[in-house]
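Asker: One structure, pasted below without further comment.
The values are calculated or read from the model by the stated rules, or taken from the named source; none is laboratory data. Here the structure is a predicted model, which is why all the values come from computation and not from measurement. With ideal geometry, Cβ positions are generated from the backbone for all residues, glycine too; neighbour counts draw on all protein chains shown.
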Amino acid sequence: MNESKGDIPPRSTEQHDQVTNNLDEDSIEYYATEKVPAGQRNMGFWDMVFLWIGANSNNASWYLGGSVAGAAFGGAIIVALVANPIAYAVLAIVGYMGYKFGVSTMALTRPAFGIRGSFLPTILNTIVFIGWAVVNTFIAVISISFIFEDLFGWPAFGEPGSSGPMILGIVLMSILNLVAVSLGRKSIKIVERIGIVIILFLGIWMTVIVFQTNPLTEIMQWTPPAESKMPIGTAIDLMAAFSLAWVLGVAEFTRYTRTPKAATVAPLLGATTALIWFVFVGVVATIGVALTTGEFNPENSDPSSLVSSLGLGWVALLMIIVACVTTNVVNLMAAGVSITNITKKIKPLHSIWLVTILSGFLMLVPLYMSSFLDTFMGFLDYIGMALSALLGILIADYFFVNKKKYDIESLEKVDGKYWYYKGVNLKAIIVWVIGVIFYLLANKLSLFTNTTGAVYPTIFLTGILYSIISIYGRKK
């Protein structure tokens, strides 16, 4: 906020244009609430396609496919084909908002929640993206432990004495992540261009290997054990929570795009294609291992364990590590930029470095969890609960309450349009709490777990409720 002590005043568009005349177009990272000027909009259509393919062609997407394999092949694929496109349609909407207003996703929550009220979703968002970086990187560390086992005979993940090799893998992955984000969006463009070739090759290779081992007809006919069956609504919630988590980071990148098509169609195309493909590979690989071994264990559906079970070597494991890095540059940049919505005492690039280092320490947490699958599923449930209520408010505020018009100059103005009560819009907070309560209740009811899940009904409910309260209150 301009008037807040210790905050750095945002640079105006004119100041930015003067600065960028003498600087490389990739050289500046922007605070969350700063509008990106035309001179810094250097992300093209294919940049965004590659970025979102890289973001979704990852270890966690693969693991997600294995996790929902309990819905059987048909159920899991139907869920992937329905839940993901809906989520990524929301991604495209928020992507357009980022392009139109030139600010980050968290800055876009200020009109709805208030300048200070937006700090709450910002904290949540930062936790979510750091959490994704931790989950995704931990899966890559499992791959490193298998490589160590092949090279040095050290115990791999899950074996007695594996803590030491896993900690060494965490250190190595933390260094790789830090290198990948070292130059902000400039390094991201480089990483995505290199990684996309490797990731696509890995996806094709795994698809071929799986079908060489088990025919599609056998995989389609397989049914999970009764105790491992997953209701279709639960699978929808897991898939939706996974996909929607990206929505609150999309404007961090589309604010740098030149055209509406690059901000909407490109993320939608890249994210949907990559996630459905990698979920598909995760589903068929997990079922394939179950057919081969006679045991269905979603706990071992992480890519490293699947690659090992299918007899692939360390080359495939190295590709998994690359896939992790291409995803984490998106996670870590989104988390870092989010922090600057709360304070400008730390520069955006330094904030990105900070969350990268923090995620390295947090990777020690799942190392000592009794079940990584339970941790992963619980994390997705937490995301679904918090983000579904938040997104309903964000979308309703843009389309129905503010009629697609935001005053960007007021985003940091104390006592301005978005100050509300002491910087907080209590209506949005109340609706958010109601949405979370509704999700917690619906998530336990068979009416939802066996049909639509709770995520999308929560988005719909909070959107309608917030619109009614805001518009009716304004008229009074």
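Asker: So, in segment 157-178, how many residues would count as being free of Cβ contacts under 8 Å to residues at least 12 places away in the same chain and touching a Pro at 6+ places or on another chain (Cβ under 8 Å)?
Answerer: 1
To keep it simple, each residue is scored yes or no on (1) closer than 21 Å to TRP277 by Cα; (2) at pLDDT 95 or above; (3) among the hydrophobic types (A, V, I, L, M, F, W, C); (4) surrounded by fewer than 24 Cβ atoms within 10 Å (Cβ to Cβ).
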| residue | (1), (2), (3), (4) |
| --- | --- |
| SER228 | no, no, no, yes |
| THR234 | yes, no, no, yes |
| ASP237 | yes, no, no, no |
| PHE242 | yes, no, yes, no |
| TRP246 | yes, no, yes, no |
| THR254 | no, yes, no, no |
| LYS261 | no, yes, no, yes |
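Asker: Further question on the same structure: Identify the residue in segment 54-71 that is among the polar types (S, T, N, Q) and part of a helix (DSSP H, G or I) and, among all such residues, is nearest to LEU108 (Cα to Cα). Explain how you work it out, then say what you get.
Answerer: Of segment 54-71, the ones among the polar types (S, T, N, Q) are 56-59, 61, 67.
Of the ones still in play, those that are also part of a helix (DSSP H, G or I) are 56, 59, 61, 67.
On the way: ASN56: 24, ASN59: 30, SER61: 27, SER67: 33 Å.
Only one residue tops the list, namely ASN56.
Asker: Still on this structure, please answer the following. Determine, yes or no, whether TRP205 is modelled with pLDDT under 90 and closer than 30 Å to ILE464 by Cα.
Answerer: On the way: modelled with pLDDT under 90: yes; closer than 30 Å to ILE464 by Cα: no.
Here the answer is no, as TRP205 does not meet what is asked.
Asker: Something else about it: Just to verify a result, which residue in segment 94-106, among those that are more than 30 Å from LYS422 (Cβ to Cβ) and not small (Gly, Ala, Ser), is surrounded by the most Cβ atoms within 10 Å (Cβ to Cβ)? I'd like the intermediate steps shown before the answer.
Answerer: To start, the set of residues in segment 94-106 that are more than 30 Å from LYS422 (Cβ to Cβ) comprises 95-96, 99.
Right, trim to not small (Gly, Ala, Ser) and you get 96, 99.
On the way: TYR96: 22, TYR99: 25.
Restricting to residues being more than 30 Å from LYS422 (Cβ to Cβ) and not small (Gly, Ala, Ser), the top hit is TYR99.
Per-residue answers, yes or no, for (1) over 27 Å from PHE101 (Cα atoms); (2) touching a Ser or Thr at 6+ places or on another chain (Cβ under 7 Å); (3) at pLDDT 95 or above:
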position	(1), (2), (3)
LEU380	yes, no, no
ALA396	no, yes, yes
PHE399	no, no, yes
GLY423	no, no, yes
ILE429	no, no, yes
PHE438	yes, yes, yes
ILE471	no, no, no
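Asker: Does any residue of segment 72-84 turn out to be crowded, with 17+ Cβ neighbours inside 10 Å, assigned to a loop (DSSP other than H, G, I, E, B) and modelled with pLDDT of 90 or more?
Answerer: Start the filter on segment 72-84 by keeping residues that are crowded, with 17+ Cβ neighbours inside 10 Å, which leaves 72-73, 75-77, 79-80, 83-84.
Going one step further and asking which of them are assigned to a loop (DSSP other than H, G, I, E, B), we end up with none.
No.
Asker: If I ask for residues that are in contact with a helix residue (DSSP H, G or I) (Cβ under 6 Å, 6 or more places away or on another chain) and part of a loop (DSSP other than H, G, I, E, B), which ones from segment 405-441 would you list?
Answerer: Step one: of segment 405-441, the residues in contact with a helix residue (DSSP H, G or I) (Cβ under 6 Å, 6 or more places away or on another chain) are 406, 408, 411, 416-418, 425, 427-428, 431-432, 435-436, 438-439.
TYR406, LEU411, GLY416, LYS417, TYR418, ASN425 - these are the residues of segment 405-441 that are in contact with a helix residue (DSSP H, G or I) (Cβ under 6 Å, 6 or more places away or on another chain) and part of a loop (DSSP other than H, G, I, E, B).
Asker: Something else: Would you confirm whether any residue within segment 107-127 is in contact (Cβ under 8 Å) with a residue 40 or more places away in the chain, surrounded by fewer than 24 Cβ atoms within 10 Å (Cβ to Cβ) and in a loop (DSSP other than H, G, I, E, B)?
Answerer: yes
Asker: Follow-up question, since we're still on this one. Residue by residue through segment 324-375, note down the ones that are in a loop (DSSP other than H, G, I, E, B) and under 23 Å from THR109 (Cβ atoms).
Answerer: First, the residues of segment 324-375 that are in a loop (DSSP other than H, G, I, E, B): 340-347, 363, 368-371.
THR340, ASN341, ILE342, THR343, LYS344, LYS345, ILE346, LYS347 - these are the residues of segment 324-375 that are in a loop (DSSP other than H, G, I, E, B) and under 23 Å from THR109 (Cβ atoms).
Yes/no per residue for (1) modelled with pLDDT under 85; (2) under 21 Å from the mean Cα position of the chain (by Cα):
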site: ALA133; (1), (2): no, yes
site: ASN136; (1), (2): yes, yes
site: VAL141; (1), (2): no, yes
site: TRP154; (1), (2): no, no
site: SER163; (1), (2): no, no
site: GLY184; (1), (2): yes, yes
site: ILE199; (1), (2): yes, yes
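Asker: Considering segment 255-278 alone, what residues qualify as being over 16 Å from LEU91 (Cβ atoms) and part of a helix (DSSP H, G or I)?
Answerer: Listed by number, the residues that qualify are TRP277, PHE278.
Per-residue answers, yes or no, for (1) part of a loop (DSSP other than H, G, I, E, B); (2) surrounded by fewer than 18 Cβ atoms within 10 Å (Cβ to Cβ):
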position	(1), (2)
VAL179	no, yes
ILE190	no, yes
VAL197	no, yes
GLY203	no, no
VAL208	no, yes
PHE211	no, yes
GLU218	no, yes
THR223	yes, yes
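Asker: Which numbered condition in (1) part of a loop (DSSP other than H, G, I, E, B); (2) surrounded by fewer than 22 Cβ atoms within 10 Å (Cβ to Cβ) is the only one that GLY453 fails?
Answerer: Unmet for GLY453, out of (1) part of a loop (DSSP other than H, G, I, E, B); (2) surrounded by fewer than 22 Cβ atoms within 10 Å (Cβ to Cβ): (2).
Asker: Would you pick out the residues in segment 128-156 that are in contact with a helix residue (DSSP H, G or I) (Cβ under 7 Å, 6 or more places away or on another chain) and either without any contact (Cβ under 8 Å) to a residue 12 or more places away in the chain or not in a helix (DSSP H, G or I) (or both)? Let's see the steps before the verdict.
Answerer: Going through segment 128-156, the residues in contact with a helix residue (DSSP H, G or I) (Cβ under 7 Å, 6 or more places away or on another chain) turn out to be 128-148, 150, 154-156.
Once the filter is applied, which keeps residues that are in contact with a helix residue (DSSP H, G or I) (Cβ under 7 Å, 6 or more places away or on another chain) and either without any contact (Cβ under 8 Å) to a residue 12 or more places away in the chain or not in a helix (DSSP H, G or I) (or both), segment 128-156 yields TRP154, PRO155, ALA156.
Asker: Inspect segment 234-257 for any residue being in contact with a Gly (Cβ under 6 Å, 6 or more places away or on another chain) and acidic (Asp, Glu) and give the result as yes or no.
Answerer: Residues of segment 234-257 in contact with a Gly (Cβ under 6 Å, 6 or more places away or on another chain): 236-237, 241, 250-251, 254-255.
From what is left, the residues that are acidic (Asp, Glu) are 237.
Within segment 234-257, one or more residues are in contact with a Gly (Cβ under 6 Å, 6 or more places away or on another chain) and acidic (Asp, Glu).
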